[in-house]
Each structure stands twice: as structure tokens, then as C-alpha cells.
1. Just subtract the alpha-carbon distance of LEU399 and GLU486 from 0.36 nm times their residue separation and send over the number in nm, one decimal.
2. Taking 0.36 nm per intervening residue step and subtracting the Cα-Cα distance, what contour gain separates PHE125 from ALA460 on full extension?
3. Could you grab the relative contact order for region 102-174? Cα pairs under 8 Å, six or more apart, rounded to a whole percent.
4. Determine which lysines satisfy two conditions relative to LYS532: a Cα distance under 21 Å, and not lying fewer than 8 residues away in the same chain.
5. Just tell me which lysines come within less than 16 Å, Cα to Cα, of LYS325; anything on the same chain fewer than 8 places away is out.
6. Rounded if a/c is under 1.5, else prolate if a/b beats b/c, else oblate: with a ≥ b ≥ c from the C-alpha gyration tensor eigenvalues square-rooted, which is region 454-574?
7. Which lysines, on any chain, are close to LYS12 with Cα under 28 Å apart, when same-chain ones fewer than 8 places away are left out?
8. Rounded, prolate or oblate for region 253-375? Axes are the square roots of the Cα gyration tensor eigenvalues, ordered a ≥ b ≥ c, and the cut-off for rounded is a/c under 1.5.
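What follows draws every value from the coordinates through simple rules; no lab data is involved. The shown structure was predicted, so the numbers you read here are calculated from the model rather than taken from an experiment.
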Amino acid sequence: MAGTTLDVAVMKDVLVVLGTAGVVVPLMHRWKVGSVLGFLLAGAVLGPFGLARFTSEIPWISWITVEKRDEIAGIADFGVVFLLFVIGLELSLARLSSLKRLVFGLGGFQVLLSGALIGAFALQFGQSPRAALVLGACLALSSTAVVVEVLAEQKRLSTTTGRTAFAILLFQDLAVVPILFMVETMGGADDGGSIWLGIALALAQGVAVVAAIVVAGRLLLRPLFRTVADTASAELFMAAILFVAIATGVATALAGLSMALGAFVAGLLLAETEYRRAIEATIEPFKGLLLGVFFFSVGMSVDLDFVAAHPLSVVAGALGLVGVKTAVTALGARAFGIPLSHSVKTGLLIGAGGEFAFIVVGLAGGLRLVDAATSSYVLAVVSLSMAAIPAFDFLGKRLSREIERHAPADPVTTIVPPVDGAVRALVVGHGRVGTLVADMLTEHRLPHLIIDRDAAVVAAGRRAGRPVYYGDAANPLFLTSCGIAEASAVVVTVDATAAADGIVDAVRKLRPDIVLIARARDAAHARRLYRKGVTHAVPETIEASLQLSEAALVGLGVAMGPVIASIHEKRDVFRHELSHAAEQSPNASADARRGSLGARRRPRS
């Protein structure tokens, strides 16, 4: 009986979290509240410091609340594992290299100076040197999840502000590893142990882990994922991702470190492969839910009684934290050549605390480096500052407009390099046609990204130095991972008609405005593609006929100039006829079902 009761209790907590994800968060989204903040607020309201306090007086409330964080700790910890995994996936060495000046320069400046100032304040308020070091380190970090969500929703990741903020967040995410090492080392050291020795040991361990990542990644991951990709099984591909992430986590846990650090290692391993974007698309559906559980548990940690008892202190702490970090970030950004208006916006985005404060403070509290009262205060301050990030972003945009309106033209013209290069075109298919299209884009210096579902083709393209990624271009999540939101054109070169149709549908659903050029098998397929909304369809049969005609005319002695002009004119006629016929089709879906025979019947013009 007891076992049945326990199972019901566990299932009830799972239902509460799923109900939050399926009902509460969508409602908050309609009210312009982000999903991360929605989970935070739901956790605070439904957690032990919220409605769950009244279960003894009102028993039925227990069915819509979670009384103990430990009851969902396992799922929440798995959310932390995936948070670190995703961050590691974003921290590829190539990405770090493209932003290295801002990542290690501006990012390092922000973390070190902010941490030093916050630690100094903590010392002044009576904290021990170790506690001050821990608090300074964790409060210097910002919320990658909330900031990136705010920028992505407004399509600002590719702007100067977005790239600068992302560069700082990249360094902060990278700094999490040595910070966790440092806290664990200090917690295990004797009272007379050297803090600096612990930090040095943590950094040395971190360097050793990164070295192991590079070696293992180059030796094992590509062969493993190429073998799995050859099966064309989405289930096996997901299993391989989970295997690498969890196995690496278990290995680091056996070595005395946390599974979250192992997940970070796994992310770095996979970020160096051509399968990174397919992995991002694969884990996207459940990554958000797992992170939601983590943020729900974070909200449960906020002591609402403490906030109610010390409202002015908590608000002052949140404003002070944002003020210090905003000033440091804005000054650093100006020093690195970022215009003043963007420096202010970036500073206000970076100023709030971040989710890793909950992890670090929780770990430090368990190791008795930080006392319970300080932990409650810090978590309340961080939660309030994170919840106010959209408001700070709005303030930053208002201040930025005022600065740009009143200030003289800024002589600084430094442009922050994009994260993955300014991808202007996506080429789907890396066969003979796709290779030629990519070669022409390269010749004209147009940044592009190539997609193919054949693992062997992808591997060969990578060996040739081409920007080829493995994945399914008909998957909207994969297209989003490839940067379709910022791209200017998509060129579909696959020869399978069904595959081309699916890709065109997926692209048009995401970007109705993008230039979309597709290869067609024949005139019937071209008409179907035009009905689906392509900008240009290029039928193989018609192009072959035009090229044969050109060669024949030139061979018969006709001058090259008139031949080229007539061929271009004929091509335009065909294009107009095909697109016009598609527009006049009375039943596009019926034509598609009838196939090429039905599509050959030309509709009335």
C-alpha cells in the first residue's frame, strides 16, 4: 500500500509540472511572459513557499502543488544536465575562435571585474573570504536562458547588441566549469587549505578535461555518428545523443565531479562535428521541457516569506547587482569598440543574475561555504533580477534611442563578428548540382551552409573543407538551427521530388518571404513547386533542352550573342508559363495527388 501511495505522489508531482508546461506557461506566453519566467513564477507559487504551505488546512491543494523540491529533484537535475549539454554544444572551438576577442577579452573583463566588486561588497557585509569568492563568482554570471530567449523572440541575436551579449554569455558559460571545480575543491579542503591552491587545482583539472575532450572528439565521435546516421533512424540518432551525454556524465561522476560537468564535456565533443545542428534539432522538443522542470525547481527555492519580510533589502540587492554589472559591462563594451547605445543595451541585458547562481549557491550551501540566511537572500535577489530582465531590456532600448538621438555620430565602426558567420544562403543537397551551386557561391564570396542527409556525403564534404552539416532539411527545428531566420535564400538541389516538396513546404512555413529556388524534375514538378510558393523552379528537362539548343545553334554558325539572348528569352517564357499555370490551378492539392500525369494538363490561362 505504501508503495502505491508513493507512486501516486510521484505521478501527481509529474502531472503538476506537465500541467505547468501545457497550461500555465502558454497562458503566460499570451501575456508576453517568457517560458523561463513562466516556469520560475509557477514554481514559486506552487512550491513549498507558495500554495503548498496551505495543504494542511486545505488538503485538496496538494493535488496542484509540489511540497518538496526533493520530489522532482531527479528530473530537475536532469534538466541541469541538459542545460550544460546545450551550452557545451554552443561552445564549439570554431565559434569561440570567431568571437575570441570579445569572448575572452570583454567576457573575461566582465566576469573578473564584476566578480571582484561583488566579492568586495560581500566582504564588507561580513562574509568570509571563501563565501565572498563564491558569491562574487556566481553573481557575476548572467542568465543565458532568459537573455537568449528575449533576443531570439525579437530576432535580435544577429544585431550588434545580440552578438556582444552572446559573446559575454559564452565566456560566462565557459567559466561555469572552473567555478564549479573551485567550489567543490574549496568545500573539500581543510580550513587551513589555500583557496588559491584550490582554484589552481580546479583550473588544472579543467584544462585536463578539455584536452581529453579534444582527443576523444577527434577519435570517436565522427565514426560513431556516421555509423548511426547511415541507418537513417531518428530513434537510433536520439539514442546515440543520450548515450554520449549520459555516459560522459557518468564518467565524470565516477571521477568525483558532477554529471552536469560531464554533460558540458559531451556538448563540447559534439559541437566539433558536422552533426551538431541535427543534434540541436533532435533534442529541441524535450530540451525545453527538461529546462522548464529545472526552472520550476528554481522557483520552488525562492523563499516568499523571506522576500515578504525583507522586501526593501531584496529590491535594493537586485538593483545593486544590476547596477554594478551594467556599469562594468557597458564600460568594457565601450573599451572594446562597441557603440555607446549598444553598450548600454548589452549592459542592462547582462546585469541580472543567472540560473547558475542557484546551482553554485546550492552546492556552496551543502558544503557549508555559505550560510542558509545568505543563500535565501542571494536566491531571492537573483530571482527578482531575472524576472525583471524584459523590463531592463525595454529600458535599455529606450535609453539607446535617446543616446542615438542626442549624441554625435560615433566614430567607432567596429563590427562584432557573427556567431557562425553571416550565412546568407542555405544549399540543400550536396550532390553534383548542390556542389556546383556552392562553388559559385564561394566564388562570389557569399557565405553559405550546405545540408545533406547522406552521412558519407557529409563526411566527404567536410574533408574537402566545405561547410556541410548532416540533417533533414524538411525538419523545421533543424532549419531553425541552421539559421534560416537570418538567411536570405534557400536553394533546394535534391533530385527526389517528394523530398524537394517536403523541404519547400517546411521552408515556406518558416519563412514566407525568403528567396526559395528549387530544382524540378520536369515541367509538371515545376508547376507543383510554384504552387507551393517557390520563387524560381528550374526543371531539368527544360534546362537540358535549352543547353542543347544553344550548342546546336552555335554549331550551326549562329553568332553567340543572339543565341544567348534568345535562350534567356525562351527561359523567361517557360518560367512565366509555368508560374502562371500554377497560379491558375483550380485545385493545387488535387493536382499534387494526381502526380505528373494530372499536372501535365495545362489549366486555362
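1. Gain on extension, LEU399 to GLU486, equals 28.7 nm.
2. 114.6 nm
3. 43 percent
4. Partners within reach: LYS509.
5. LYS345
6. Prolate, because a/c is 1.5 or more and a/b exceeds b/c.
7. Within reach: LYS68, LYS287.
8. oblate
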